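Heads up: the structure comes next, in structure tokens.
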Amino acid sequence: MKVIADFHIHSRYSRATSKNMDLIEISRFCKIKGLNLIGTGDFTHPKWLNELREGLMEVDGSGLYRLSHNEKNPTLFIISGEVCTIFSRNEKSHRIHHVILAPSLENAEQISDVLKKYGDLDIDGRPFLNMNAAHLVEIISELSNQNMIFPAHAWTPWYSVFGSISGFDSLEDCYEDFSHKIFALETGLSSDPLMNWRVSDLDNLALLSNSDSHSAWPWRIGREANVFELNNLTYKEIIDSIKSRNKNFLYTIETNPAYGKYHWTGHRNCGISFPAKDAMSRGNVCPICRKKMTKGVEQRVEEMADREIGHKPKNAKDFFHLLPLSEIIALVLGKEQLASPKIWEVYNSLIGKFDNEYFVLLNAKKDDITVVAGKEIADTIIEIREGRMRVEPGYDGLYGKLEKMDKSDRQITKEAKKITNLDDYFN
């Protein structure tokens with residue numbers, strides 16, 4: 001069974017999250033996107049946990065859940081949440097985000113009962129906990145060996161294990177004696193596996209890609225995902241596939257890391273950004289205002305890398321780059337607002353024909369897309385599918401911008417995934 005999973009999203013109980021992020025809205029857009037499996041997010045929040053209990057039912061003891069009132073919607077849920085540990089070490093303050101997966105709502109309730117001793121779980125769907133990262137891992141692991149925890153968006157400047165502002169230089173520094181309980185790492189929008197492969201200390205971790213979505217819109221939810229082929233769709237088989245990085249875990253779907261909000265080093269107030277080596281040569285000082293720039297993920301990876309670009313570790317999982325269909329349509333139509341009626345008109349026509357967004361991006365034939373959406377949109381989808389598009393890199397909290405490549409520069413990049421179709425894995 002082919003499974004496309006996004007393990008990390010948020011509910012409406014998290015700050016800066018759409019008020020429409022409820023189970024109905026999430027599952028509706030998952031079906032449109034083509035996601036089989038979605039994290040619930042925010043299980044530590046008491047009100048959201050109550051909604052999960054009332055709105056979900058477990059599927060045949062699998063540890064996965066579906067809507068209890070709508071059996072026709074195929075979306076499955078895995079119990080997930082994100083927390084932030086706040087602690088000091090060696091006179092430096094650290095704020096680290098972690099994703100937790102649990103095999104049942106009962107396990108989630110057990111976790112919440114313990115964590116409420118360290119912070120107010122009612123305030124935010126992603127609570128702040130006054131405890132160190134190692135202690136969190138210890139608690140999660142002791143409650144159940146089926147619980148799983150991993151660093152969220154590991155490279156972003158704030159709130160991440162390797163973040164330039166409050167992070168560490170290794171997993172061991174962060175998780176101490178419990179680093180062996182960390183089996184995976186979330187790469188985040190501003191990095192991809194190619195970048196992470198440059199750091200040999202990460203070779204034994206599964207590299208996961210998730211959306212960290214704060215809304216259900218299709219240009220957010222599922223913009224990054226993980227693809228499995230499973231004999232039995234259960235929580236245990238998914239967790240085992242991640243931990244062992246076995247053949248059932250196939251590959252990840254990534255946005256181009258330049259699309260992320262912190263890929264390059266820069267200063268948004270002055271509208272200026274630099275790739276890693278240029279920023280380093282300038283001492284990270286903005287040439288306009290002379291203030292320190294926000295260090296980008298590319299630069300942070302460069303600082304920690306012990307390998308050249310292009311190295312691929314043994315048994316590493318494949319990946320390939322996509323960008324949301326709405327972004328592609330907006331580029332062609334010259335629209336800035338992704339929710340504009342014209343973009344929705346084209347988007348809905350494509351979904352009506354091909355069933356879901358992933359199929360459009362990965363499987364649909366160019367001629368068939370052309371009939372529905374026109375030649376220019378079809379050409380652009382194929383160019384992105386084949387790695388023949390560029391993104392103006394994001395920096396200092398600004399998303400990157402999709403741009404077309406010149407004809408003279410349209411070569412498939414070396415790091416681009418060789419396959420161009422999901423079915424290549426299943427035929």
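The values are calculated or read from the model by the stated rules, or taken from the named source; none is laboratory data. Every value quoted in this text rests on a predicted model; they were computed, and no experiment measured them. A quick note on method: Cβ atoms are made from the backbone with ideal geometry, for glycine too, and the neighbour counts reach across all protein chains shown.
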Query - One residue from 143, 129 being out of contact with any Gly (no Cβ under 6 Å at 6 or more places or on another chain) and in contact (Cβ under 8 Å) with a residue 24 or more places away in the chain - result: 143
Query raised in the report: Cβ-Cβ below 9 Å, separation at least six or inter-chain, first residue in the range 184-204 and of a type in the set (Lys, Arg), second in a loop (DSSP other than H, G, I, E, B): which pairs?
Result: 198/305; 198/306; 198/307; 198/308; 198/309; 198/310; 198/311
Query raised in the report: Within the range 152-170, restricting attention to residues that are small (Gly, Ala, Ser) and under 20 Å from the mean Cα position of the chain (by Cα), which residue is surrounded by the fewest Cβ atoms within 10 Å (Cβ to Cβ)?
Result: 164
**Report entry** Residues of the range 217-242 classified as within 20 Å of residue 190 (Cα to Cα) and either in a helix (DSSP H, G or I) or touching a helix residue (DSSP H, G or I) at 6+ places or on another chain (Cβ under 6 Å) (or both), total
**Finding:** 4
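Hey, any hits in the range 171-181 for a residue that's crowded, with 23+ Cβ neighbours inside 10 Å and either in contact with a helix residue (DSSP H, G or I) (Cβ under 7 Å, 6 or more places away or on another chain) or not β-branched (Val, Ile, Thr) (or both)?
Yes, because at least one residue in the range 171-181 is crowded, with 23+ Cβ neighbours inside 10 Å and either in contact with a helix residue (DSSP H, G or I) (Cβ under 7 Å, 6 or more places away or on another chain) or not β-branched (Val, Ile, Thr) (or both).
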Query - So residue 190, is it within 17 Å of residue 88 (Cα to Cα) and either aromatic (Phe, Trp, Tyr) or in the same structural domain as residue 89 (by TED's automatic domain parsing) (or both) - result: no
Query raised in the report: Listed residues 86, 96, 123, 149; which is modelled with pLDDT of 95 or more, over 21 Å from residue 238 (Cα atoms), buried (at least 24 other Cβ atoms within 10 Å of the Cβ) and not charged (D, E, K, R)?
Result: 96
Query raised in the report: Condition test on residue 67, is it without any contact (Cβ under 8 Å) to a residue 60 or more places away in the chain, under 21 Å from residue 357 (Cβ atoms) and either assigned by TED's automatic domain parsing to the domain that holds residue 183 or surrounded by fewer than 20 Cβ atoms within 10 Å (Cβ to Cβ) (or both)?
Result: yes
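Being over 17 Å from the mean Cα position of the chain (by Cα) and surrounded by 15 or more Cβ atoms within 10 Å (Cβ to Cβ) is true for just one of 279, 258. Which residue is that?
279
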Query raised in the report: Could you list, in sequence order, the residues of the range 185-210 that are of a type in the set (Gly, Ala, Ser) and surrounded by fewer than 24 Cβ atoms within 10 Å (Cβ to Cβ)?
Result: 200, 206
**Report entry** Neighbours by Cβ (under 6 Å, 6+ apart or cross-chain): first from the range 375-396, without any contact (Cβ under 8 Å) to a residue 40 or more places away in the chain; second crowded, with 18+ Cβ neighbours inside 10 Å
**Finding:** 378/369; 383/389
Query raised in the report: Which pairs have Cβ atoms under 6 Å, sit 6 or more apart or on different chains, and link a residue in the range 287-307 that is farther than 20 Å from residue 200 by Cα to one that is among the small types (Gly, Ala, Ser) and surrounded by fewer than 23 Cβ atoms within 10 Å (Cβ to Cβ)?
Result: 295/164
Query raised in the report: How many residues does the range 149-191 contain that are of a type in the set (Asp, Glu), farther than 19 Å from residue 100 by Cα and touching a His at 6+ places or on another chain (Cβ under 7 Å)?
Result: 0
Report task. Tell me which residues, restricted to the range 296-331, are surrounded by 19 or more Cβ atoms within 10 Å (Cβ to Cβ) and either at positive phi or of a type in the set (Gly, Ala, Ser) (or both). Result -> 296, 326, 330
